[in-house]
């Protein structure tokens, strides 16, 4: 085992594999920055280039690119409030307000360092978990995965406000997100739903135009209304100190980063859930970790813990997703499905062979995840100060470029003008959501998870009738969901009781 | 503000109502999930509407996990700037429809910088040229994104 571990490292450090990893990382860096051009799409575009590579070279190239895209996606989320990747959306919620508070350097430092720690934890999980994870994955069938998705939505909705009215709005937005996800052809019966007679809607609404509209447009409008730079009239912070502060924050909240990384690994392992869920579950966990209402107040307004949680989970889930992909040939996400086809192109059959005959290649993936992220974060830390200065450029000069980035990104989803209209409509809707204090995260999570939830529900009912509700793990998850929903009230009551006792 | 908030709730109720009405005409398999989510959505939005109309003003801690818009700008100016920005966005989409992406990019960037941000002619031209160069080399030359030609080119048979 140890020999294979070292052999894996040597495979990555061979000059050709290492150079290809650097090329992949450079591509991943820009792909991560550009909204709309996702890591998965780029993996697909790059597949034809791996035909002539050895397995270790090809994996270094593809994984180097994919893992870096998740890291740099956080940069645009923090600087402009535009998620670079769909999996970086949660970083916007606190990262962008930090930039507005003149703490862009700190937010970027925290996002990148937590991403690095998350990636390393994911890589270690990949190295350790392969022999023991099989029974865990096989325990989770459709009913359990259905409930797990509901737990994810409950986490976010229950944290949408500490008052019943705030929660009510959170649940309503979660339901609206689920409803919007049903647009298009229904998979089981083939019926068209809410297609308005438009062929564009037959395949449903794509994530990118909707997410970009939901998150970017209100931020752009707010920037235009203020008429200042993103960081406002605040004096330029000591940027280098800001970046280092973010790095320190990561270690100050190390246990939070660790827990969110574990959440990322766990969600990554489960097929179909993916980074869209991991980031929000991690965010919800970060909020729930706040012990008092006062500690929780800062979330959504620029709390560094809201950046650390999603940053760590985004990257640790890469290692988690690789576990079922490598061990059983069951891809955990769309990107992993593309990577799986890369394995087949290289003549590698995922499964038991990866733990015996090709163990060194499996470990080379662990090393690639670790090395690619270390290099990227170190390089990024060198240029972060310059990037953070963008938040002091006058808004009027930034807005046209951000708009261009938003709409080109949205256009890449289907290559149709309708993508732009969808972005505009959801941007307008999102503007009113923010104006009237209806939370956006539950809507986004409902929209992202809607199709998966419906499929799991359908399979569960079809396969088990309603007896699936009595499965032990399902019952456990129902209890967990109830606890998650009740938790803010329990916390409030405890504080009131403590306050009364003090008085 | 209370009236606008109520109107937003009414829109949500209308969306949920439309979803319920549409789903009732579908096969059971297709209707199950939309009905499962739209019925509670209609109920929750109605409760919220009732609370807005008859209840007390909402406390600030209602929605904790999202951004707040800036309140430093006088409402009248803020409203004008919001409409102005939405008009720019709509104009951008209209231009893409009419001319396609490649001609719209320099036209939009230049117009916004010159007439909205009011920078000098030289700065606007140089910035537009650099942006166009980046746009072309990245999206067209490197990534090969196929941009549809605009309606005008189609009408002219170009």
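The values are calculated or read from the model by the stated rules, or taken from the named source; none is laboratory data. Everything numeric here is computed off the predicted structure, so don't read it as measured data. Cβ placement follows ideal geometry from the backbone for every residue including glycine, while neighbour counts extend to all protein chains displayed.
Considered as a group, the residues in segment A:412-446 that are under 21 Å from residue A:73 (Cβ atoms) and within 7 Å of chain B (Cβ to nearest Cβ) include one that is surrounded by the most Cβ atoms within 10 Å (Cβ to Cβ), and that residue is A:441. Selection within segment A:277-323: residues that are surrounded by fewer than 24 Cβ atoms within 10 Å (Cβ to Cβ) and assigned to a helix (DSSP H, G or I). The member of this set that is modelled with the highest pLDDT is A:285. Just wondering, is there one or more residues in segment A:489-498 that are surrounded by 17 or more Cβ atoms within 10 Å (Cβ to Cβ), under 27 Å from the mean Cα position of the chain (by Cα), more than 8 Å from chain B (Cβ to nearest Cβ) and assigned to a helix (DSSP H, G or I)? No.
Selection of helices (runs of 4 or more DSSP H) fully inside segment B:10-128 by the criterion of at least 1 residues being at pLDDT 90 or above, under 23 Å from the mean Cα position of the chain (by Cα) and surrounded by fewer than 17 Cβ atoms within 10 Å (Cβ to Cβ) returns B:75-99, B:101-111.
Just so you know, in segment A:72-101 the residues that are within 14 Å of chain B (Cβ to nearest Cβ) and in a loop (DSSP other than H, G, I, E, B) include one that is nearest to the chain's Cα centre (by Cα), and it is A:83. Within segment A:171-196, the residues that satisfy the criterion of being more than 8 Å from chain B (Cβ to nearest Cβ), farther than 21 Å from residue A:415 by Cβ and out of contact with any strand residue (DSSP E or B) (no Cβ under 6 Å at 6 or more places or on another chain) are A:173, A:174, A:177, A:180, A:181, A:187, A:190. Here is a check on your reading of the model: is residue A:173 more than 30 Å from residue A:376 (Cβ to Cβ), part of a loop (DSSP other than H, G, I, E, B) and modelled with pLDDT of 85 or more? Considered against the rule, which asks whether it is more than 30 Å from residue A:376 (Cβ to Cβ), part of a loop (DSSP other than H, G, I, E, B) and modelled with pLDDT of 85 or more, residue A:173 comes out as no.
Can you tell me which condition residue A:262 does not meet? The list is (1) surrounded by fewer than 24 Cβ atoms within 10 Å (Cβ to Cβ); (2) at pLDDT 85 or above; (3) closer than 24 Å to residue A:75 by Cβ, and all the others hold. Result: residue A:262 passes all but (3). Report yes if some residue within segment A:381-403 is in a loop (DSSP other than H, G, I, E, B) and touching a helix residue (DSSP H, G or I) at 6+ places or on another chain (Cβ under 9 Å); otherwise report no. Within segment A:381-403, not a single residue is in a loop (DSSP other than H, G, I, E, B) and touching a helix residue (DSSP H, G or I) at 6+ places or on another chain (Cβ under 9 Å). Of all residues in segment A:14-31, those that are touching a residue at least 24 places away in the same chain (Cβ under 8 Å) and farther than 30 Å from residue A:410 by Cα total 4.
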